[in-house]
Structure formats: C-alpha cells, structure tokens
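Worksheet: one structure, shown below.
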Amino acid sequence: MRVPYARLHLCRDHFIKYEVSRVEKTIERYGLFKRDSKLLLAISGGKDSVMLLDVLYTIRGRLNIKIGVLHIDLGINGYSEESRRVVLSICGMLNMTPIILPLRECLGYSVKEIAEKTGRKYCSVCGVIKRYITNTVGIYLGVDAVVTGHNLDDLTAYCLKEILRGNLKGALRLHPKLKGEGKLAARVKPLAEVSERETAMYVVLKGLPFMMGECSLAPPRTIEVKSREFLSSIEANHPSIKVSFYRGIIGGLEVGDTVKLRECQVCGFPSLASRCSFCRLILRATGSEKPIRVLHERIKNLQVNLT
Ligand code: AMP
Ligand code: ZN
C-alpha cells in the first residue's frame, strides 16, 4: 500500500497498524477525548464510520474507553435498508449491539417526507435531523463525546467551499473537536487526518462490510464536488497539501469567537433562536409538538450497554 504523504510503502498488516496509530495520533494531537471516556459513535454504514468503529474497538483496551454505536435509519428507499444491514453486520462481527433509531417510527415521517412537507433540501433536512438525534442520544446516555466518521477529504472540501463562499466562520464546525456544554454534547472527528483512499483501503484489507451505494436522494453538490476534485488534482504533485491546508485553517480558527446558545422553548435543548432548528423543522412539517415528545421519550427509555 502506498501512503504518499508519509512517503511509505506498507504491507497489509503494517498498513492497518499505521492507520490505527494515525487515528490515535489525531486523538492525541487535538485532545479529542481522554482515557476512560464514554463515547457514542454515529455510524452510517459507509466505509469511514465502519473503519472508525473497528479502530476504536481495537484501541478501546489501551485507552480504557467505552463505546456505544448509534445508527439512524433515515427511511430512504433502497439505501437505508442496506445501510442498516451493514451496521448490524459489523456490530455482529465485534459482538456489539447498536442502537438503531428508525425515523419513521420515531417521528412518523422519513427525511424525504419532512423535506417535501417543508420545501427544504433533502441534505439540509437530513443534516439537522442527524445532528439533533446524535446529540440528544449522547446527552441522555451521558457520554463524553459524540464521534463521527468525517474524513480528511470531506473536511478539506467543506473548508474550501466555505472559503469560496466567503463564510470563514462556517469552517468553525469543521474543527475535529467541538466542545460541549450543558445539553450540547462534544463532537469529535478522529478520522480528520485520514484520507478517503485510506479508509477505503482499510475496510477492504480488513474484509469489513461497508455500504457502497450513494444516497438516492443526494443531488450533486457542485461546489463541494469541484472542491474535492480541485484539492485532489493538486495533491497528485503535492502529497501533503490536504493535511497542511486543514491544519492551517483549523489552527487559525482556534482563537475564534464562540456562539451564545439559548434553550429551545419546545425541547429544552440548545438553540440559537427561541426554537431550535430541529423543532422548527418538525413543527413546520407536522404542525405538532407530539413527534418531538415521542422521540425524546423513546431516546430516554433506551436500554444501552456500552462496550
Ligand atoms: P455524512 O453526513 O453522510 O457525510 O456522514 C458523516 C458522518 O455522520 C458519518 O461518518 C457518521 O459518523 C455520521 N452519520 C451519517 N449518517 C448517519 C446515520 N444514518 N446514522 C448515524 N450516523 C450517521
Ligand atoms: Zn428544540
């Protein structure tokens, strides 16, 4: 396996060890979480979050961490069924029981239905729902952080996109460690310095199951796709450009200002306005607060054993 930015050629076993240590170094470099932490991994079934589960499982003894796994079944036809199968399969291999929350059962509607009822874009509705549910589960379980599988290619493409749109503050959420407070769980991204090519090689070399298809609802997000292609084209001759770009942007943001949060009048969770974006979305789609209360009840009553 070639790892161009590190100028390494590794055999299968050394490549796997190298990737595990790369994640451990990212955890250390950004202080993502401490030893003895309780973590909630949000897993989609894609190669990134599958790799991350495997790596966290591998290092759980060394760091004495406890891991819970959460999968949100978004109810997207032909995509969510397969994602769920992959999640059950990888968790079965590791002898873990994932928390699976099917949106249709929890809220009465799928992502597509909520987007269509509110006239909002699928991806933005999906993002609001995923952030809200992962945070809420993390808070009720009392974890130290919610962990997601965003990789270096995702994060550098988003960084470039925010810069191109002149929204430097938008890059703040791309930091590998977003601190929590009160009912806002910390969010961390241990794959922030691992490229998409590496996550693909890792899952293939380890024979792990992963979801190959793309979301059937996702339209091509042009600036983001072009940003990815642009960064990858430069990387061909400058192998460490993505990591240095990412570190440069993130390093410059650390002194940035923090946003003041209030309590959502409907759900009591953190919000920028009097009602949080999730409650506004659900109220607009359904005209009722009931689905929000039902979701909270369901999450509160989850019986979870962390591994
Ligand atoms: P995406 O937003 O699809 O680019 O995914 C980014 C990260 O969000 C993934 O690596 C997962 O950690 C998490 N994630 C995405 N989809 C789901 C899902 N359906 N359930 C739980 N976590 C998810
Ligand atoms: Zn709310």
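The values are calculated or read from the model by the stated rules, or taken from the named source; none is laboratory data. Everything numeric here is computed off the predicted structure, so don't read it as measured data. Glycine also receives a Cβ, built like all others from the backbone with ideal geometry; neighbour counts cover every protein chain displayed. Just so you know, the surface numbers come from the protein's heavy atoms only, side chains and all, with ligands and any DNA or RNA stripped out. Shrake-Rupley method; radii C 1.70, N 1.55, O 1.52, S 1.80 Å.
With 0.36 nm allotted per residue and the present C-alpha distance subtracted, the residue 62-residue 105 stretch has 11.7 nm of extension available. Amide H contacts under 5 Å for residue 75: 103, restricted to partners 5 or more places along the chain or on a different chain, H placed in the peptide plane at 1.01 Å from N.
Extending 7 Å from the Cα toward the beta-carbon at both residue 81 and residue 265 defines two label points whose distance is 4.3 nm.
If you rank 216, 232 by how much accessible surface each has, with a 1.4 Å probe, what is the order from largest down?
I get 216, 232, largest accessible area first.
At a Förster distance of 35 Å, what's the computed FRET efficiency of residue 229 paired with residue 36, Cβ-Cβ distance as r, to 0.05? E(calc), rounded to 0.05, equals 0.25.
Most simply put, the chain has about 35% antiparallel DSSP beta bridges, counting only bridges with both residues inside it. Sequence-distant contacts, meaning Cα pairs under 8 Å at least 6 residues apart, place the relative contact order of segment 63-116 at 43 percent.
As a calculated quantity, the FRET efficiency between residue 289 and residue 173 at R0 = 25 Å, using C-beta atoms, amounts to about 0.35. Label point of residue 306 set 7 angstrom out along Cα-Cβ; within segment 31-51, amide nitrogens under 12 Å from it belong to 34-41. Remark: the chain carries 50 Å² of accessible area per residue (probe radius 1.4 Å; ligands, DNA and RNA excluded).
Backbone amide hydrogens, once placed in the peptide plane, bring residue 39 within less than 5 Å of 66, 67, 68, 144, excluding anything fewer than 5 places away on its chain. From the Cα gyration tensor of segment 215-307, with a ≥ b ≥ c the square roots of its eigenvalues, which class applies: rounded if a/c is under 1.5, or else prolate if a/b is larger than b/c, or else oblate? Prolate. Spin-label model, residue 296/residue 9: points 7 Å from Cα along the beta carbon direction are separated by 6.0 nm.
Applied to segment 179-186, the Karplus parametrisation 6.51 cos²θ - 1.76 cosθ + 1.60 on θ = phi - 60° returns per-residue 3J(HN,Hα) values of 5, x, 6, x, 8, 10, 6, 4 Hz, with x for Gly and Pro.
Take the solvent-accessible surface of the protein heavy atoms, probe 1.4 Å, and return the percent of it on the chain that carbon and sulfur atoms account for.
Exposed carbon and sulfur together represent 51 percent of the surface.
Could you tell me whether segment 87-207 comes out rounded, prolate or oblate from its Cα gyration tensor? Rule is a ≥ b ≥ c as square roots of the eigenvalues, rounded for a/c under 1.5, then prolate if a/b exceeds b/c, otherwise oblate. Rounded, since a/c falls under 1.5.
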